[in-house]
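Q: Right, I'll just put the structure down here and ask away after.
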Amino acid sequence: MARPEERKFLGFSIANDGSERRIAPKALAKFKALIRDMTRRTRGISLPQLVKELKPYLIGWRGYFGFC
């Protein structure tokens, strides 16, 4: 058992009164790391190809975490 603000559930953190939902720090760090990996300059792909690969991930991530 732990306080609600100390727990993470499905990538979300919840304030102790339940009024505020946030993206858990670990989920946000994972998102940033993947974006950095996908957009690194040494991949050797064109910009249109990069956008084509990045678009579905960003749309899905926003769909899941968008209401925060």
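Q: How about the stretch 46-67: which of its residues are of a type in the set (Ser, Thr, Tyr) and over 13 Å from Ile35 (Cα atoms)?
A: Within the stretch 46-67, Ser46, Tyr64 meet the criteria.
Q: Any chance you could count how many residues in the stretch 44-61 are loosely packed, with under 10 Cβ neighbours inside 10 Å and not hydrophobic (A, V, I, L, M, F, W, C)?
A: So the count comes out to 4.
Q: For the stretch 21-34, state whether one or more residues are modelled with pLDDT of 90 or more and either part of a loop (DSSP other than H, G, I, E, B) or of a type in the set (Phe, Trp, Tyr) (or both).
A: The answer is yes, given that some residue of the stretch 21-34 is modelled with pLDDT of 90 or more and either part of a loop (DSSP other than H, G, I, E, B) or of a type in the set (Phe, Trp, Tyr) (or both).
The values are calculated or read from the model by the stated rules, or taken from the named source; none is laboratory data. Keep in mind that what you see is a predicted model, and the values were worked out from it rather than measured. Backbone-built Cβ (ideal geometry, glycine too); neighbour counts: all protein chains shown.
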